[in-house]
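Only one structure is covered here, and it is reproduced in the block below.
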Amino acid sequence: MNSLVKVFLILILFPSVITAQSPKKNYEYNIDLIHISNNEVRVSFTPPKNSLKQGKFVIPKMIPGIYQAMNFGQYISDFSATDKNGKKIASERLDKNSWKVNDLKKVDKISYKVTNGWNSLQQSTDGPKSAGSLFIKDSVSVINYNSLVGYFEELKDTPYEINIKKNKDFYASSALDYKRKNDSTDIVWAKDYRQLVDSPVLYCVPDTTWLKIGTTEVLVSFYNKKERHYSKKIADDIENILKNQQAYLGGKLPVNKYAFLIYFESSNEKGSIGDGLEHSRSTVCLYRSKSMAFLPDALNRVASHEFFHIITPLHIHSGDIQHYNFLNPTMSKHLWLYEGMTEYATIHMPIKQKMISLVDFEKKLEEKIKGMKEFDNHLPFTEISKNAIERQDQYMNFYQKGPLLSLCLDIRLRELSGGKMGTQDLMQRLMQKYGEDKYFNDDDLFDEITKMTFPQIRSFFRDYIEGTKPVPLKEYLSKVGFDYDEMTGKVSTLANPDSKQIALRKAWINQ
Ligand SMILES: [Zn+2]
């Protein structure tokens, strides 16, 4: 070998040696789903390279989408930190959900045990619980990383590498891409903690069907102990909705991949239980019932609402959502947008896309109007949103009054633009302005939307969303040729609409 070649070889070999030995910049986690004892999972990780004297390790108290303290730290035990020689490094539990670790720079490994969150789907009286928790059984696991994985407050916004030991026949269904490391180990990466928690995974022998909606790959993954070939039926059922949603959103969907993770537990007990939690690129649905007969209908409803969340909050959200604080989150004022506008799209899309009749559409509006009356409508929507944790009693109104406010905003925008612009266009413009990685300031959103649209829109927000004026349904529905009888709650088309009303209705619902 001549000396020139030798030098060249040293040059290309040397850097790789350095990379292999230098500590990583990411969290490197190991989770063992095979060796479970006493209903506990063994978890360990190596923290990212750092020079910290001390660190505060956090397991979430709260997670996005559930407006109450879940205290996932309560399931953690046997927490210990060691250096590279296996020598213990002092750590101490600060409270239910956090630990202080000394000499963090010297820590090579932290390990702990996690107790299973649930064993069988139970009715919870105060909102979704199981869909955000940990569930591990012999034949299936629903993994929500907020139960298993934590972060150091000093080392936030850092990537994660997760190695999972699992049954060799199991397949990982998730919005993230799991790679096979060997027969019994998968590996997955997330860009930060927020993304990891936002991407649950269903592990089981696969019953999966893939749909292609435009350029988006949609995974439908189903688990039931007995029925092992059901995902195809679900996929066939929701395909039509998803295709119409795609058309409604202008033909192009803003995500490459989306996953429906569906778990069905057969039970001999009376009644059905359902629990679900939406994520940016996936939805977890848990059901327990005697028969699967209700599933297609239930999943159609879920698909039509949850899938629209790829617009907001995924691509249109405030800083409170982008930098969610898992110990003490602050709430955004704009649930009228995240939930109200999303629910409005699920009502507006089917009539605009000619999937339902005008009579069905009127019925839908009547249901929402009736639903809204169950709540206190003298509270500003921005206030309830900001205090969503304390005002659980009013929270469901975002799905009732919320879409009706968006409906009025839609009609107002179409009126002011001569039929050219509605909420569909508004959402596209907001998505272009912000997008997944750029948040809006909570206090500026109404002014920003006003700037993008018409000055009159500011008073709409002031009166009906920040203020407490009743939703102007009668006035706005009459602009598009409908009559709303405030006494009976009936919505019907006017017998003799004028040409202005006909034109605006056409622009609004294509009828
Ligand atoms: Zn929602």
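The values are calculated or read from the model by the stated rules, or taken from the named source; none is laboratory data. A quick note: this is a predicted structure, and the numbers were derived from the prediction, not measured. Note that each Cβ is placed from the backbone with ideal geometry, even for glycine, and that neighbours are counted across all protein chains shown. The protein model used for the area step is the full one, side chains on, heavy atoms only, and it has no ligands, DNA or RNA in it. Shrake-Rupley method; radii C 1.70, N 1.55, O 1.52, S 1.80 Å.
In debye, nearest 20, what is the charge dipole magnitude of the range 319-509 about its Cα centre with +1 on Lys and Arg Cβ and -1 on Asp and Glu Cβ, if you could check?
Its charge dipole is roughly 760 debye.
On average, how much accessible surface per residue is there in the chain, in Å², for a 1.4 Å probe, leaving out ligands, DNA and RNA?
Details: 23370 Å² over 511 residues.
Heavy-atom accessible area per residue stands at 46 Å².
With +1 assigned to the C-beta of every Lys and Arg and -1 to the C-beta of every Asp and Glu, and no other charges, what is the dipole magnitude of the range 215-371 about the Cα centre in debye, to the nearest 20?
280
Taking a ≥ b ≥ c as the square roots of the Cα gyration tensor eigenvalues, with a/c under 1.5 meaning rounded and otherwise prolate when a/b beats b/c, else oblate, which class fits the range 115-169?
Cα axes put the range 115-169 in the oblate bin.
Along the charge dipole of the range 277-337, Cβ charges K/R +1 and D/E -1, which of S289, S318, L299 sits furthest on the positive end?
S289
Round to the nearest 10 and report in Å² the accessible area of K181, as given by a 1.4 Å probe over the protein chains' heavy atoms.
110
Past 24 Å, Cα to Cα, is the threshold; run K25/K257; K24/K88; K49/K433; K56/K165 against it and keep the listed order.
K25/K257; K49/K433; K56/K165
Tell me the carbon and sulfur percent of the accessible area for the chain, rounded to whole percent, probe radius 1.4 Å.
Answer for the chain: carbon and sulfur cover 51 percent of the accessible area.
Which whole-number percent is the relative contact order of the chain (Cα, under 8 Å, 6+ apart)?
10
Going down the table (K226/K364; K156/K401; K233/K420; K191/K333), which pairs top 29 Å between alpha carbons?
Among K226/K364; K156/K401; K233/K420; K191/K333, the Cα-Cα distance tops 29 Å for K226/K364; K156/K401; K233/K420.
For the range 23-88, rounded, prolate or oblate, judged on the Cα gyration tensor with a ≥ b ≥ c (square roots of eigenvalues), a/c < 1.5 rounded, else prolate if a/b > b/c? Let's see the in-between values first.
Numbers: a/c = 1.98, a/b = 1.28, b/c = 1.55.
Oblate is the answer for the range 23-88, as a/c is 1.5 or above yet b/c matches or exceeds a/b.
Give the residue list of chymotrypsin sites (Phe, Trp or Tyr not before Pro) in the range 276-360 that are DSSP loop and have at most 15 other beta-carbon atoms within 10 angstrom.
Passing sites in the range 276-360 are F294.
What whole-number distance in Å separates the alpha-carbon centres of the range 24-55 and the range 373-411?
A separation of 41 Å, based on Cα centres.
Loop only by DSSP, 10 or fewer other Cβ within 10 Å of the Cβ. Give me the GluC sites (Glu not before Pro) in the range 440-485 that pass, ordered by residue number.
Values: sites: E448, E466, E475; in loops: none.
Qualifying residues, ordered by number: none.
Tell me the net charge near I351. Cut-off is 9 Å between Cβ atoms, I351 excluded, with +1 for each Lys or Arg and -1 for each Asp or Glu.
Details: positive: K352, K354, K364; negative: D360.
Counting the neighbours of I351, the net charge comes to +2.
Any idea what Rg and Dmax come out to for the chain if you just take the C-alpha atoms, in Å?
Rg, Dmax (Cα atoms, Å): 25.6, 97.
Classify the range 29-188: rounded, prolate or oblate, from the alpha-carbon gyration tensor (a ≥ b ≥ c, eigenvalue square roots; a/c under 1.5 rounded; otherwise prolate if a/b is larger than b/c)?
Verdict is oblate for the range 29-188.
Under unit Cβ charges (Lys, Arg +1; Asp, Glu -1), what dipole magnitude, rounded to 20 debye, does the range 239-310 have relative to its Cα centre? Write out the running numbers ahead of the final one.
Values: 8 positive and 7 negative charges, 37 e Å.
In total the dipole reaches around 180 debye.
Along each of its three principal axes, how wide is the spread of alpha-carbon positions in the range 319-509, in whole angstrom units, largest first?
The principal-axis extents, from largest down, are 56, 35, 31 Å.
Trypsin sites (Lys or Arg not before Pro), restricted to the range 411-511: which are DSSP loop and have at most 15 other Cβ atoms within 10 Å?
Answer by residue number: K420, K438.
S499: accessible area at probe 1.4 Å, nearest 10 Å²?
Roughly 100 Å² of S499 is accessible to a 1.4 Å probe.
Going toward the positive end of the dipole of the range 339-427, with +1 on Lys and Arg Cβ and -1 on Asp and Glu Cβ, which of P403, Q353, N387 do you reach last?
Of the listed residues, the answer is Q353.
Say the dipole of the chain comes from +1 at the beta carbon of Lys and Arg and -1 at that of Asp and Glu; which of T82, S221, N244 then lies farthest toward its positive end?
So the residue furthest toward the plus end is T82.
Tell me, what is the percent relative contact order of the range 71-158, built from C-alpha pairs under 8 Å that lie six or more residues apart?
Dividing the mean separation by the residue count of the range 71-158 yields 24 percent.
Counting DSSP beta bridges in the chain, what percent are antiparallel, to the nearest 5? Intermediate values should be presented prior to the final figure.
Numbers: 65 of 87 bridges.
Roughly 75 percent of the DSSP beta bridges within the chain come out antiparallel.
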